[in-house]
Amino acid sequence: MTRIWLSQPDVGPLEREALVAAFDSGWIAPNGPDLDAFESEVSALTGWPGAVAVASGTAGLHLALGSVGVGRGDIVLASTFTFVASVNAITYCGATPVFVDSETASWNMSPALLDAAARRLHRAGTPAKAVVVVDLYGQCADMDAITAVCREHNLALVEDAAEAVGARYKNRPAGTLGDIGVFSFNGNKILTTSGGGMVLTPELSTATSIRYLATQARQPTVHYEHTDIGFNYRMSNLLAAVGRAQLQRLPQMMKRRHEINARYRRALAPETGITFMPVPEWSSWNGWLTCVVFDDVDHRQRVMAELAAHDIESRPLWKPMHRQPVYSGCQAELDGTSDDLFARGLCLPSSSALSDDDVDTVISQVLACPR
Ligand SMILES: *Cc1c(COP(=O)(O)O)cnc(C)c1O
């Protein structure tokens, strides 16, 4: 029996051929036609003209924060229920995160708690500069409500759509819901280039300056002339070729993730003590990971152990940032939602490369541990 992974890359002949063709074309050095085409195609997918392919989602977040003016000494409000990269990018800028808890409707940042945190910081004489909102597990946050809070408090809004490629909010594409957005194409994401990311912006001039900073801030001279500190954050042309092949298959990969989710939902009815991530009416999620919550913490532990014993990967939901030792000193606006999700939640294997038999194997092991 081979191990069943949580979210392994779903790649095949199409990606392999694209990669080899890019290699044979001689465009090995970072720039090249596939890189340009990949940017145009992602731009077409989202409807925003600016798209800059970068080495990782984390690098993209770093550039995005810089682009909205976040710098040393600033305070940035951030979703506490997320992967650490969302917050590390704030730290790279020399800024300080203040964490905001989730709401139960989408598991994403609570607009009410965001408002409370912004007010509290204002009263303390330390107003925030920006917000990093995360679209977790391929589902958008309640962006209209969050945007309203940002307008009121004059906060720039960075959308960490790393997990949300292909998702929509009120029929608007993830990645285009804030002032600037970021996708990840890491190996575990719904669309992968093995490693990579994309910064999305409505302004071509912003894309140009981000592309400049991502390529060591080189001035257009023959010798190397620098007037800014840049980064080596560009995606390689070879990986962009893989991304283009994946993009063609995105609708199919999303469909398969949704089928897997539906299969779990049919088998794990509420009377099993298991409930699924809620999907509010404004959300059209991409199906990235099937996430469940157990009525009982001990039940979750037993299921995790049972799956591990059968060589099936599962993981608790993200450990909130306010619980991370490295961020223990930070302020936070909390109501217990993300702590509860972390205590009782579990991600189940959801890769679009899984067969129905694989999913049924997972289901039978889950059902083998009644509550
Ligand atoms: C994966 C991820 C990132 C980072 O993307 P990388 O491409 O791995 O650097 C950032 N934020 C969230 C929410 C993620 O899941």
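Normalising the Debye intensity of the stretch 24-99 to I(0), with uniform scatterers on Cα atoms only, and taking log10 at q = 0.11, 0.14, 0.16, 0.25 Å⁻¹ returns -0.39, -0.59, -0.71, -1.08.
Taking a ≥ b ≥ c as the square roots of the eigenvalues of the alpha-carbon gyration tensor, the stretch 186-235 is classed oblate because a/c is 1.5 or more while a/b is no larger than b/c. Normalised by 2.2 N^0.38 Å, where N counts its residues, the alpha-carbon radius of gyration of the stretch 49-205 equals 0.94. For the chain, the normalised intensity computed at q = 0.08 Å⁻¹ comes to -0.40 (log10 of I(q)/I(0), Debye sum over alpha carbons, equal scatterers, no solvent).
The base-10 log of I(q)/I(0) for the stretch 301-371, evaluated at q = 0.12, 0.18 Å⁻¹, reads -0.44, -0.77 [Debye formula, identical scatterers on Cα atoms, solvent excluded]. Inter-part distance, the stretch 1-69 to the stretch 320-371, computed on C-alpha centroids, equals 27 Å.
Over the stretch 186-272, the fraction of Cα-Cα pairs per 10 Å bin, rounded to whole percents and listed from the shortest bin up, is 14, 28, 26, 16, 9, 4, 1.
Scoring 137-150, 297-310 by mean Cβ neighbours within 10 Å over their residues and listing the highest first yields 137-150, 297-310. Ranking of ARG244, ARG315 by neighbouring Cβ atoms within 10 Å, starting from the fewest: ARG315, ARG244. How do VAL11, VAL158 line up, fewest other C-beta atoms within 10 Å first? Least crowded to most crowded, the residues run VAL11, VAL158. Taking a Cβ cut-off of under 13 Å around VAL158, the surrounding Lys, Arg, Asp and Glu residues balance to a net charge of -4, with basic ones at +1 and acidic ones at -1. Scanning residues 5 or more positions from ARG371 or on other chains, none has an amide H under 5 Å from its amide H, with H placed 1.01 Å from N in the peptide plane. Using C-alpha pairs under 8 Å with a sequence gap of at least 6, the mean separation divided by the residue count of the stretch 110-242 gives a relative contact order of 15 percent. Note on the stretch 45-86: along the principal axes its Cα atoms extend 32, 23, 20 Å, ordered by decreasing extent. Each 5 Å bin from zero up to the one holding the largest Cα-Cα distance in the stretch 233-342 carries the following percent of pairs: 2, 9, 13, 16, 16, 15, 13, 11, 4, 1, 0. Within the stretch 188-282, the GluC sites (Glu not before Pro) that combine a DSSP coil assignment with at most 13 other C-beta atoms in a 10 angstrom radius are GLU225, GLU281. Between the stretch 199-237 and the stretch 257-303, how many Å separate their Cα centres? So the separation of the two Cα centres works out to 42 Å.
What is the ratio of the Cα radius of gyration of the stretch 4-131 to 2.2 N^0.38 Å, where N is its residue count, to two decimals?
1.39
Need one number: % antiparallel among DSSP beta bridges in the chain, to the nearest 5. Mind showing how you got there, number by number?
On the way: 24 of 43 bridges.
For the chain, the DSSP antiparallel bridge percentage is about 55.
Which translational diffusion coefficient, to the nearest whole µm²/s, is obtained for the stretch 131-202 from the Stokes-Einstein equation, given a Kirkwood hydrodynamic radius over C-alpha pairs, 20 °C and 1.002 mPa s? So the translational diffusion coefficient is about 176 µm²/s.
Per-residue Cβ neighbour counts within 10 Å put THR227, THR80 in the sequence THR227, THR80, beginning with the fewest.
Every number in this text was worked out from the coordinates using simple rules, so none of it is lab data. Not measured: the values here are computed from a predicted model. For neighbour counting, all protein chains shown are included, and Cβ atoms are generated from backbone atoms with ideal geometry for every residue, glycine included.
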